[in-house]
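Some notes on the structure that comes next.
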Amino acid sequence: MRVYISADIEGVAGVVSPAQCQAGHAEYEKARVLMTHEVNAVVEGLLEGGATEILVNDSHGPMTNLLPDLLHPAADLVLGKPKPMNMACGLDAGFDLFCMIGHHSRASGGGVLSHTTNGFAFHEIRINGVPSGEPAIYGAYAAELGVPVGLISGDDRTQDENRSLFPQAQFAVVKHAIGERAARQLSVARARALLRESARVAASRDDYAAPPVPQGPFRAEFVVSRAVLADQFEVLPPAIRVDPMTVAFDCATMAEVIGWMTALSAMSFAVR
């Protein structure tokens, strides 16, 4: 059994502030240890459930957050950026399960540290008119490859947004949002125990149905945080200026949606 893990940091137990997610802050160094040990708990559970190969993709910010010397030795690790398919780099149709660990609710979703890909650039991302977060977008991409989502962890808002999208998945809620930068959290020990058991259950199941393949075409609308970003994005030939704050792209697949989302995120750094 081959299992893929996309690991983010905002949904980790003990993480509630932007400083914990940004290199250069003292609290970040503690948060990346918490992140690494949450991934390790998931790896342990997956192995108990029968996984034989595990690939972990560091999916937050610079994508060099996980500590290789602390990571469980059974897992391979993808570090760094830029890289193809960003938070799903290396995922292919040969995997049996897709897990999203330490994830968070969508931009404007009201959860802890909620955003979609780039909190500076995007106020909201809509796919065919539906506001969508990273789990929804990358989970749909996994479905295009025929890989079911087995486990999603984060806060309660993350679960609420995604449970109907991935009814086969296990959800591990390690904290309950009080606000964007506040939460009631499980203890670190209980959070890791929950993650380990949820991963074990996810890996031990043998009744996953093939996930429904999202039917394109897709219109990806990017509602930006300030109009100058829409001005910047509009220079791309395929861009459609919907209104002063929104640029759209017509895409045949979710892979194309991710491609444009990643490209616009990178372009936003030119106007910070």
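The values are calculated or read from the model by the stated rules, or taken from the named source; none is laboratory data. Fair warning: this is a prediction, and the values are worked out from it, not measured in the lab. Note that each Cβ is placed from the backbone with ideal geometry, even for glycine, and that neighbours are counted across all protein chains shown. Note: areas computed on protein heavy atoms with side chains; ligands, DNA, RNA excluded. Shrake-Rupley method; radii C 1.70, N 1.55, O 1.52, S 1.80 Å.
Below are the figures for this structure:
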read-out	value
Any hit, segment 149-164, residues being part of a loop (DSSP other than H, G, I, E, B), open to solvent by 10 Å² or more (accessible area, probe 1.4 Å) and either modelled with pLDDT of 95 or more or closer than 22 Å to Thr253 by Cβ (or both)	yes
Number of the exception - Asp250 against (1) within 30 Å of Ile9 (Cβ to Cβ); (2) touching a Pro at 6+ places or on another chain (Cβ under 8 Å); (3) open to solvent by 60 Å² or more (accessible area, probe 1.4 Å); (4) not hydrophobic (A, V, I, L, M, F, W, C)	(1)
Filter result for the condition that a residue is surrounded by fewer than 16 Cβ atoms within 10 Å (Cβ to Cβ) and modelled with pLDDT of 95 or more, over Glu53, Glu38	Glu53
Given (1) among the acidic types (Asp, Glu); (2) under 23 Å from Ala169 (Cα atoms); (3) open to solvent by 40 Å² or more (accessible area, probe 1.4 Å), number of the condition Asp58 does not satisfy	(3)
Residue in segment 69-90 that is touching an Asp or Glu at 6+ places or on another chain (Cβ under 8 Å), closer than 18 Å to Ala13 by Cβ, touching a residue at least 12 places away in the same chain (Cβ under 8 Å) and not polar (S, T, N, Q) present	yes
Test: residue in segment 237-247 that is in contact (Cβ under 8 Å) with a residue 60 or more places away in the chain, touching an Asp or Glu at 6+ places or on another chain (Cβ under 9 Å), surrounded by 14 or more Cβ atoms within 10 Å (Cβ to Cβ) and of a type outside the set (Gly, Ala, Ser)	no
From Ala203, Ala209, Ala189, residue being open to solvent by less than 60 Å² (accessible area, probe 1.4 Å) and not in a loop (DSSP other than H, G, I, E, B)	Ala203
Selection status of Gly119, modelled with pLDDT under 95, closer than 30 Å to Val242 by Cα, open to solvent by 10 Å² or more (accessible area, probe 1.4 Å) and in a loop (DSSP other than H, G, I, E, B)	no
Total residues in segment 78-105, condition open to solvent by 40 Å² or more (accessible area, probe 1.4 Å), touching a strand residue (DSSP E or B) at 6+ places or on another chain (Cβ under 6 Å) and within 19 Å of Cys21 (Cβ to Cβ)	1
Output for segment 53-67, where each listed residue is closer than 21 Å to His25 by Cβ and either in contact with a Ser or Thr (Cβ under 9 Å, 6 or more places away or on another chain) or among the acidic types (Asp, Glu) (or both)	Asp58, Ser59, Asn65, Leu66, Leu67
Members of segment 172-184 found to be open to solvent by 30 Å² or more (accessible area, probe 1.4 Å) and in contact with a helix residue (DSSP H, G or I) (Cβ under 7 Å, 6 or more places away or on another chain), listed by number	His176
Qualifying positions in segment 233-272 - outside any loop (DSSP other than H, G, I, E, B) and of a type in the set (Val, Ile, Thr)	Ile240, Val242, Thr246, Val247, Val257, Ile258, Thr262, Val271
Residue check for Leu229: assigned to a helix (DSSP H, G or I), surrounded by 21 or more Cβ atoms within 10 Å (Cβ to Cβ) and under 22 Å from the mean Cα position of the chain (by Cα)	no
First in segment 190-215 and under 18 Å from Val3 (Cα atoms) and at pLDDT below 95, second anywhere and of a type in the set (Ser, Thr, Tyr) and open to solvent by 60 Å² or more (accessible area, probe 1.4 Å), Cβ under 7 Å, 6 or more apart	none
